[in-house]
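J.: Encoded as structure tokens, here's the structure I'll be asking about.
Values quoted throughout were computed directly from the atomic coordinates according to the rules given, and no laboratory measurement underlies them. Keep in mind it's a predicted model, so treat the numbers as computed, not measured. Virtual Cβ from ideal backbone geometry, glycine too; neighbours counted across all protein chains shown.
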Amino acid sequence: MKKFLAALVMSLAISASCFAAGAAKNFATEEKASDELIDALVGNTVTYEQVSKHFSAGLKKNLTAENFAQMKKQIKDQVGNVKEVNFVTFVKQYNPQSGYNNVEELLYIGTVNKTKFARFVVAFALENNSPKVASFQVVPLEVNQQAPAKK
């Protein structure tokens, strides 16, 4: 019985690592590029030149250094000073009719103050078998303060 349980645990561990391998293949590259992009958007330590190396050809064509600088200003005006950004989840986009479409998204939540947050979504698409930032989105979020429920 002990051998059976040991074999079962080993097979589950191996199968779990096999299922995660597909998602983890590009994750490290995508996470590094997302971190740099978010730092460039909310901080001053990463430049457009550094972050645009991770952009897809289409994004690089449409998002120039001047547009990027304007976007940073808009984020600061509309969202505020983002203090801390944390990774939340990794999503592979899937269409039931066509299947996986080679687009992966990383979601981050940034803290502005106690009731205000920012949601960052960075989407990657494969370009020459390498993940590139295809699009990104920054959305301000506010938490509604609710009165405690009456008993």
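J.: Return the residues of the range 45-89 that are assigned to a strand (DSSP E or B) and surrounded by 12 or more Cβ atoms within 10 Å (Cβ to Cβ); say none if nothing qualifies.
T.: Taking the range 45-89 first, the residues assigned to a strand (DSSP E or B) are 55, 84-89.
Within the range 45-89, PHE55, VAL85, PHE87, VAL88 meet the criteria.
J.: Just one of LYS83, LYS61, LYS72 is of a type in the set (D, E, K, R) and under 25 Å from LEU126 (Cβ atoms); which is it?
T.: Answer to the selection: LYS61.
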